[in-house]
Amino acid sequence: MKQIEFAKKCNAGKLHSELMAAGFDIFGVSTVGDTTIIHLKDTEIKDPSLIVAKHIYETPALPKPVDFEKLKKVLKTKTIITDFSEIE
């Protein structure tokens, strides 16, 4: 396995999909802070640098915190929560 490291913050799943769509033979993508590592199969000869350079990082949307007191009340009457505003 070959590994190429980039000093760029990326969404690992999104970049993985972009590389697969471009025909890269990869094992996966790892990220730690502002560092991204692409794990290529030994058979891969293409350079992923251009795709990484074009990749746009998007901040993941974080869910709102759950109010556990509200959650307890809702779970007394329901087993499936479809409206999360009831427990925020």
Inset, instruction - Identify, from the list SER85, SER49, the residue that is touching a strand residue (DSSP E or B) at 6+ places or on another chain (Cβ under 9 Å) and either free of Cβ contacts under 8 Å to residues at least 24 places away in the same chain or small (Gly, Ala, Ser) (or both). - result: SER49
Legend entry - Options ALA22, ALA12; residue that is in contact (Cβ under 8 Å) with a residue 12 or more places away in the chain and in contact with a helix residue (DSSP H, G or I) (Cβ under 9 Å, 6 or more places away or on another chain): ALA22
Inset, instruction - Can you tell me which residue among LEU19, LEU75, LEU71, LEU62 is modelled with pLDDT of 95 or more and aliphatic (A, V, I, L, M)? - result: LEU19
Legend entry - Members of region 14-36 that are surrounded by 17 or more Cβ atoms within 10 Å (Cβ to Cβ), among the hydrophobic types (A, V, I, L, M, F, W, C) and assigned to a strand (DSSP E or B): ILE26, VAL29
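Just to be sure before I move on: is PRO65 part of a loop (DSSP other than H, G, I, E, B) and in contact (Cβ under 8 Å) with a residue 24 or more places away in the chain in the structure I sent?
Against the criterion (part of a loop (DSSP other than H, G, I, E, B) and in contact (Cβ under 8 Å) with a residue 24 or more places away in the chain), PRO65 does not qualify.
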Legend entry - Top-ranked residue of region 49-88 - restricted to ones that are of a type outside the set (Val, Ile, Thr) and in contact with a helix residue (DSSP H, G or I) (Cβ under 6 Å, 6 or more places away or on another chain), ranked as farthest from ALA22 (Cα to Cα): GLU86
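Yes/no matrix, rows are residues, columns are (1) touching a Lys or Arg at 6+ places or on another chain (Cβ under 6 Å); (2) closer than 17 Å to THR59 by Cα:
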| position | (1), (2) |
| --- | --- |
| ILE4 | no, no |
| ALA12 | no, yes |
| HIS16 | no, yes |
| ALA22 | no, no |
| GLY33 | no, yes |
| THR36 | yes, yes |
| LEU40 | yes, no |
| GLU44 | no, no |
| ASP47 | no, no |
Inset, instruction - Go through region 52-81 and count every residue that is surrounded by 10 or more Cβ atoms within 10 Å (Cβ to Cβ) and either in contact with a strand residue (DSSP E or B) (Cβ under 8 Å, 6 or more places away or on another chain) or of a type in the set (Val, Ile, Thr) (or both). - result: 4
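The values are calculated or read from the model by the stated rules, or taken from the named source; none is laboratory data. On a predicted model such as this, the values are computed, not experimentally measured, just so you know. Positions of Cβ are backbone-derived with ideal geometry, glycine not excepted, and every protein chain shown enters the neighbour counts.
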